[in-house]
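The values are calculated or read from the model by the stated rules, or taken from the named source; none is laboratory data. Since the model is a prediction, treat every value here as computed from it, not as a measurement. Every residue, glycine among them, receives a Cβ derived from its backbone with ideal geometry; neighbour counts consider all protein chains shown. Calculation scope for accessible area: heavy atoms of the full protein, side chains included, ligands and nucleic acids excluded. Shrake-Rupley method; radii C 1.70, N 1.55, O 1.52, S 1.80 Å.
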Amino acid sequence: MISEWFALLLRASFLLLITGSCVTLLSRLYPVRSARWHRLAWGAVLLQGVVLVPISLTIEIPAWLAASSILSAESSETSDALSEHVPVGVSAISRISRNTPEPNAGASADSNATFQYILPSPQTDVSDAGENSIPSMSSSGPVLSAVGSADLPDARPRELSASEPNVSQQRVHPHAGSTEVAVSVTEKLMTAAGRVGWIRWLSAAWICGVIGLAGFGLAGYVILNLALLRARPARRSWVKELQNLSLELNLDRRVALDVHPVVGPLICRTPGGYRIVVPIGLWSELSSDERIAVLHHELSHLRRGDLWKSLLARLVLILHWFNPLAWTSARRFEESAEWACDAMMAGEQPARVVHLANALLTATAAREGSPVLALSATGGPLFQRVRRLVSWDQQGDTVMQRVVWGGLLCPLVSLSLFQLQFAEPATEQPATAAIASAETSEDEQQNPRTESVPAQMSGELKEIADRIIGSDQGNLKKLVALMKTPTGRIVMADRAALHAQDAAGDPDDVSRWQQFVSEHFKRNGSAFSVNPAFQAKCDEYVAAVSDAEADVKLIELILKETAAALDTSTEPAQFLQRFLNHEGAPAFVYMNELRSRLHPRIEDLSDVFSEMLVRNSEGQFVIRPVRRRAVEERLRNIERFQPMLKRFHEELTAWSEDLADPDRRHTNLKSMLADPGVAVFLASRDLTEDDEPDDEHFDDYFYLLEEATNDAPAGLILNAESEQLQEIESELRRYSAVRQNRSVLEKPLQELIDRLDQSDDLHVRLKAYLSTDLALMIMVREMDYSAITADDAAREWLSDLVTQGDNGKYTITSESPEDVKSRCEDFFREFRELRRRGRSLDEFASQLVDRNLAAAIRTLSGKLLLQELVENSAKRSDVDGLQLWVSAHFEETAEGLKLHDWADEEINAILHEAAELEEQFSKTDF
Amino acid sequence: MQRLIVTILAVLIPADAMAEETVETEVDAILKSAWMEAGVQPSSICSDEQFLRRVTLDLVGRIPTVPEREQFLSRPDRSALIERLLNSSEFPTFWGELWTTQLFGYETSNADRDTLALWLHDQFRGNRPYDQIVEDLLTSTGESAFNGPVNFLLRYADEPVVKVSRAFLGVRLDCARCHDHPFDRWTQTDFRQMNRFFEATERQDVSAGNVRLVDVVREVSAEDRPRFLTGAEPRTTQWRAEFALFMTRSRPFARNFANRLWYHFMGRGLVHPADDFNASNPASVPALLEHLAEEARSNGFDFRHMIRVICSSQAYQRQSVSPKDDQLRHTLFAVRTIKPLTPEQWYESMCIATGQASRSRDRDNLVRAFFGDDLNADFSSTWEYRETVQGLMSRLVDPVRSPARSLDELFIRFLGRSATSEELEKCAGRSLGEVSFALLHSSEFAFNH
């Protein structure tokens, strides 16, 4: 196999050598001036190096000739045998090789055997092949192969193409002399190689050379890229020059202009795209015209695709590194590219010729200080290049020159490129291509290419746009396109908002109440009973009213007592007295001022936790996104605190055991210290979850205990006079009150826990923590909660408004008596409104089956609490305005959304609105 | 072969070969003409040490560490340094904080500052274009605890146009609130019509510390419709959305963006003060302002690109030493203007210098101490602040052991440079702790120069 490939390569290299020599001679003997001809000629030479497998051209011969011709197709058996031994791409040339030595049809009776002599299969020993190839060599020559079709019954010529080399086992035209020469040479080389036996060593050397050169080239490219890391974007004015030039040349590809200390000028393709790199020193020296001329030259390389052509030339060079003509050809090929670009620029802008010549001279002069990398400055001897530049308009070649060059180049190119073959007339047209084409088409239909959807298009609009039927024509096409633009989104959002507004409305109090009743109560004739789903809530309401009524009674006493002793010499005081004596005042004071103190609710608790928790619009409590890290830290601290708390409790228990038990005071303290709840309550003092916990936190308590006790024979005796004992007892009394009213706080806390989001581990951990006694006690501390009775709470509240003088009379002490008056007026107004609305509530209560509920509703505090319940129950339904708009203008069908016939106007209106909006957007300055 | 050799040489040649020439950008070319016209001589380019400190403070909000200094000085590639800082995780953190302060101030009662800061941090981390950020700030709806950008408008619930026009257009429209603008063309009508864009919103309380901002439809007569300063008027009910596009597509928006960035890096705006574009306060170098505005527009308001443009310029890299009464050179950016560190920069730098870990609570305390009780007031007007700050600084620094073993190392840690012989002489006999304290209070530490 290796030897086969190597033989093909040697053949190509040989052809390159011949062609290259011809072109060199031609350039010397009959030179042309045109750079294009040079480029073409050296390109043709390099082409010889890559055409390892020639393109077979089949010429269909007339039937009358075919009938009498000795030409015929080979057998399919031969073809099969061939495909067993050689790669597909090689088979064509292999078969030609086979054709050549065949002396006549009769000699090819066993064509397989003949073929194997020349192209040994991998199983065939090389030495055997060598021996067998001798007769082939002896019979080789420009002799037409003539395998009789009669011997090969199934043979049928087919139309061939370059893409089907495996089926190109056709006859070579007897007069295709050059091809035959080449074939002959290849065969000789292969045979010789096989005979000598050291072909493998040569192949190995060639592979090493290829790898070395390819590595060298790759390393060069990598190093160039490394060097270009030091390049920086050029000044804006220089970039502007390039941009203007690109516009002038209609160049739509983006090319960056970078400056480098030494590299350039050159144009290259880097991973970031095309870049022109220029040396900063040279570039600063050049005038603007000279810079533009150089840029024009470089851009000409890009427009002509010289970068890629040069790469191909290099690849040929790698393949034929052992061939000196390949090196010369590549060099001349690139050199001619420089001339061609100069000529191109000169043709487009003759005025720039002088500037480019000047730039070349400057670059050469500066070369000492700034090594120049590109061929733009080193392409051929400078003198020759500058001379070509300045006399560009005299570069016309005579017709004779062109004919001679063309006449020589054409056969040279065809020498290796084409292989002429003659075929009998086709009898049947293969349908494969058509079928393949049909299959492809079908595939495309099944897997349509998806267009990239603009990122800015909202999902909902995209979905609608996708479902619109007929969106590929007329106004609908424009609408769908519009939906992808910011303007379109605004116009559609407008439509959605208007539809949502029309649909939603704003429910008033009456409709809200009706909705509440219909949702939670069942009507049986004239009676209403509570829906089972609402029963629990209803019971809670009744209990809350009961609590409120009990408190209201106490508050009423205090208000009336104060009113009686109020100094009413001023108008605000008279207003206040009227308020304090008012039947509705206690309930209003309870609801607005004292309720959260007496019966904390979840809202009051959430204030405590508001730094880390927040309630969203769905009513769920969620850790604030910005506080997640802090919450994690807190939970970590709490976890660290647990062992310390345990030790603290154990130590308090030990103190409890140490205490003597002479009287009730001692007994009380003894039992309290042993209570685990006390340890938690005391530990929660001054402890915030942010603190890094340590045992020193508890030192204060042990100091207090030491100061509050004295050692005695019976144990520790309390020092009744000490302040420290009083402080301890005060804390313990507070704990007792908290324990007694624990349910008051536990209830809302549990409600908060129940409504805590459980979507992730952090929330789960937080929930576990909030369920602990420590969390409850820290909450108590942060709320500064202390159990208080309603009358005390009322007195406390009143103390902000009035002060009792020495004469026993109360006077307003509020900073603004007028404000007191204003608040009283607000109350009277609200009360009157409640009284008016309350009548219908009383009527409703009289129709209720549940007597407790009816009684609760009839009370004033019941009415106030019910009002709150109705408001909280009212749900504001979110209306999807966009969907409303869609359903108003489109018909939902199985295929998608079909625009109603009458809705064209709406689409027109939207497009018109969008156009108007775009006009407004065009006003961009003031 | 020849090319390969030359290329290898190109790799080996030190970057210094680029010298000044390579860093002269279009910005410098424009400034150069302005200086020539005014007959002004620019100051020289700053040293690598100065550049390192300056750009580190400006991009990541702290002084460089000793290893960072050593690394940079061993290979002083300024462009590479800018890239490294832009790609560091500290960049979005500092710039998110910086823009939160610019847009929100320190007030926290009206809206959720932290949620906005977190959102801005994410925007900078994702290198979101400025115009898109502003669009979100102006048009977002949702709950303040979960949706960062809504907090901007919630913060300025009362006449948001005042802040919006200052922050994004550099126009003091509030001067036209009670009467026509005294130095510009804006009238009270302009003010009202601009403010009307924000009347189609509603604020709904959801829970403690959580407010929802929603759009509502306002149906008004044609004469009561809002109107942008360019004369553009909305055509739909989506006033805020239209306003956002009127604004972000306008040239004044681009100018203001460029000017604000310039102000941050240069210590002085091309239009100065940065939020006072008016007829009587033109740009000191108009061509540069237009150039930067165009650069911003043509590059999609890319923060990092603009930062590269400014920081790579010679203007940014000039020395800050100048004689007194050198106003013209400062105005034309021929000399670098020094600027005080923000409290956040000061705190983080102090932590770097003293080797302490940064703690958010201490940092907040320092900010509060800097600004006194009135967090939105100009701190320089509260004379008490210096004493308060000094006290706090003492508290922060006292428990810290000296982070260095020699005087020279101390100077490098705090000031990013070695001590001069004169300084060594003055500090002789003093403990390292004392010198640390003195350095921390020195103006060289407290200013970005």
ask   = Identify, please: which residue in the stretch A:608-646 is polar (S, T, N, Q), facing chain B (nearest Cβ under 9 Å) and open to solvent by 30 Å² or more (accessible area, probe 1.4 Å) and is, among those, nearest to residue A:762 (Cα to Cα)?
value = A:610
request  = Inspect the stretch A:715-727 for any residue being more than 24 Å from residue A:786 (Cα to Cα) and exposed (fewer than 13 other Cβ atoms within 10 Å of the Cβ) and give the result as yes or no.
outcome  = yes
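Okay, residues lined up against (1) in contact with a Ser or Thr (Cβ under 7 Å, 6 or more places away or on another chain); (2) closer than 21 Å to residue A:751 by Cβ:
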position	(1), (2)
A:522	yes, no
A:525	no, no
A:533	no, yes
A:536	no, yes
A:540	no, yes
A:555	no, no
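I want to confirm something. Restricting to the stretch B:225-237 and keeping residues that are of a type outside the set (D, E, K, R) and either more than 16 Å from residue A:491 (Cα to Cα) or within 7 Å of chain A (Cβ to nearest Cβ) (or both), which single residue is surrounded by the fewest Cβ atoms within 10 Å (Cβ to Cβ)?
B:231
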ask   = Does residue B:213 qualify as being buried (at least 22 other Cβ atoms within 10 Å of the Cβ) and within 30 Å of the chain's Cα centre (by Cα)?
value = yes
key: Hits in the stretch B:201-210 (condition: more than 10 Å from every other protein chain (Cβ to nearest Cβ) and open to solvent by 40 Å² or more (accessible area, probe 1.4 Å))   = B:202, B:203, B:205
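Residue A:472: of a type in the set (Asp, Glu), open to solvent by less than 20 Å² (accessible area, probe 1.4 Å) and out of contact with any Lys or Arg (no Cβ under 6 Å at 6 or more places or on another chain), yes or no?
no
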request  = Being buried (at least 16 other Cβ atoms within 10 Å of the Cβ), of a type in the set (A, V, I, L, M) and either more than 8 Å from every other protein chain (Cβ to nearest Cβ) or not in a helix (DSSP H, G or I) (or both) is the filter here, so list the residues in the stretch A:214-238 that pass it.
outcome  = A:228, A:231, A:234
remark   = If we ask which residues in the stretch A:847-899 are within 30 Å of residue A:459 (Cα to Cα), aliphatic (A, V, I, L, M) and part of a helix (DSSP H, G or I), their number turns out to be 4
query = So which helices (runs of 4 or more DSSP H) are wholly in the stretch A:471-523 and hold at least 3 residues that are within 11 Å of chain B (Cβ to nearest Cβ)?
reply = A:486-504
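Quick one: is residue A:593 open to solvent by 30 Å² or more (accessible area, probe 1.4 Å) and within 14 Å of chain B (Cβ to nearest Cβ)?
Here the answer is no, as residue A:593 does not meet what is asked.
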message = Please go through (1) part of a helix (DSSP H, G or I); (2) open to solvent by 10 Å² or more (accessible area, probe 1.4 Å); (3) polar (S, T, N, Q); (4) over 14 Å from residue A:46 (Cα atoms) for residue A:250 and return the number of the only condition it doesn't satisfy.
response = (1)
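Are there strands (runs of 3 or more DSSP E) fully within the stretch A:705-824 with at least 3 residues that are at pLDDT 90 or above? List them.
Working: elements: A:709-712, A:715-718, A:802-804, A:810-812.
Once the strands (runs of 3 or more DSSP E) in the stretch A:705-824 are filtered for at least 3 residues that are at pLDDT 90 or above, what remains is A:709-712, A:715-718.
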key: Which listed residue, of A:277, A:294, is within 14 Å of chain B (Cβ to nearest Cβ) and modelled with pLDDT of 80 or more   = A:277
inquiry  = Here is a check on your reading of the model: is residue B:277 in contact (Cβ under 8 Å) with a residue 60 or more places away in the chain, away from every other protein chain (no Cβ under 12 Å) and either more than 23 Å from residue B:31 (Cβ to Cβ) or of a type in the set (A, V, I, L, M, F, W, C) (or both)?
reply    = no
request  = Look at the stretch B:94-126 and say how many of its residues are within 18 Å of residue A:627 (Cα to Cα) and within 13 Å of the chain's Cα centre (by Cα).
outcome  = 3
query = Could you give every pair whose Cβ atoms fall below 7 Å, whose first residue belongs to the stretch B:142-167 and is polar (S, T, N, Q), and whose second residue is assigned to a strand (DSSP E or B) and surrounded by fewer than 24 Cβ atoms within 10 Å (Cβ to Cβ), counting only separations of at least 6 or pairs across chains?
reply = B:144/B:210; B:144/B:211
remark   = Within the stretch A:18-47, the count of residues that are within 19 Å of residue A:312 (Cβ to Cβ) and of a type in the set (A, V, I, L, M) comes to 8
key: Filter result for residue B:198 (crowded, with 22+ Cβ neighbours inside 10 Å, more than 7 Å from chain A (Cβ to nearest Cβ) and not basic (Lys, Arg))   = no
ask   = If we scan the stretch B:21-36, do we find a residue that is more than 11 Å from chain A (Cβ to nearest Cβ), touching a Lys or Arg at 6+ places or on another chain (Cβ under 9 Å), more than 24 Å from residue B:86 (Cβ to Cβ) and part of a helix (DSSP H, G or I)?
value = yes
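Residues that are acidic (Asp, Glu), farther than 20 Å from residue A:678 by Cα and more than 52 Å from the chain's Cα centre (by Cα): does the stretch A:752-768 have at least one? Explain how you work it out, then say what you get.
Residues of the stretch A:752-768 acidic (Asp, Glu): A:754, A:757, A:760-761.
Imposing the further condition that a residue be farther than 20 Å from residue A:678 by Cα reduces the set to A:754, A:757, A:760-761.
Retained after the next criterion (residues that are more than 52 Å from the chain's Cα centre (by Cα)): none.
Within the stretch A:752-768 (the criterion being acidic (Asp, Glu), farther than 20 Å from residue A:678 by Cα and more than 52 Å from the chain's Cα centre (by Cα)), the answer is no, since none of the residues qualifies.
Of B:240, B:249, which residue is among the charged types (D, E, K, R) and open to solvent by less than 10 Å² (accessible area, probe 1.4 Å)? I'd like the intermediate steps shown before the answer.
Values: B:249 fails: open to solvent by less than 10 Å² (accessible area, probe 1.4 Å).
The conditions single out B:240.
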task = Please work out which residue is surrounded by the most Cβ atoms within 10 Å (Cβ to Cβ), limiting yourself to the stretch A:524-541 and to residues that are not hydroxyl-bearing (Ser, Thr, Tyr) and not in a helix (DSSP H, G or I).
result = A:528
key: Only listed residue being touching a residue at least 12 places away in the same chain (Cβ under 8 Å) and more than 9 Å from chain A (Cβ to nearest Cβ), chosen from B:258, B:222, B:241   = B:258
query = When you go through (1) over 21 Å from residue A:861 (Cα atoms); (2) in contact with a Leu (Cβ under 9 Å, 6 or more places away or on another chain); (3) at pLDDT below 90 one by one for residue A:504, which number turns out not to apply?
reply = (2)
inquiry  = Please go through (1) part of a helix (DSSP H, G or I); (2) within 11 Å of chain A (Cβ to nearest Cβ); (3) within 27 Å of the chain's Cα centre (by Cα) for residue B:190 and return the number of the only condition it doesn't satisfy.
reply    = (3)
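If you take just the helices (runs of 4 or more DSSP H) that sit entirely in the stretch B:50-145, which of them hold at least 2 residues that are within 13 Å of chain A (Cβ to nearest Cβ), within 19 Å of residue B:306 (Cβ to Cβ) and touching a Cys at 6+ places or on another chain (Cβ under 9 Å)?
Working: elements: B:66-74, B:78-86, B:90-104, B:113-125, B:130-139.
Answer list for the stretch B:50-145: B:78-86.
Step by step: first the residues of the stretch A:253-270, then only those that are of a type in the set (A, V, I, L, M, F, W, C) and not in a loop (DSSP other than H, G, I, E, B), then the one that is nearest to residue A:300 (Cα to Cα). Which residue is that? So that I can check it myself, show each step before the final result.
The initial filter retains those residues of the stretch A:253-270 that are of a type in the set (A, V, I, L, M, F, W, C), namely A:255-257, A:259, A:262-263, A:266-268.
Adding the requirement that they be not in a loop (DSSP other than H, G, I, E, B) leaves A:255-257, A:259, A:266-268.
On the way: A:255: 12, A:256: 15, A:257: 15, A:259: 19, A:266: 12, A:267: 10, A:268: 12 Å.
The qualifying residue nearest to residue A:300 (Cα to Cα) is A:267.
Look through B:70, B:83 and report the one residue that is open to solvent by 50 Å² or more (accessible area, probe 1.4 Å) and more than 21 Å from the chain's Cα centre (by Cα).
Values: B:83 fails: more than 21 Å from the chain's Cα centre (by Cα).
None of the other options fit; the residue is B:70.
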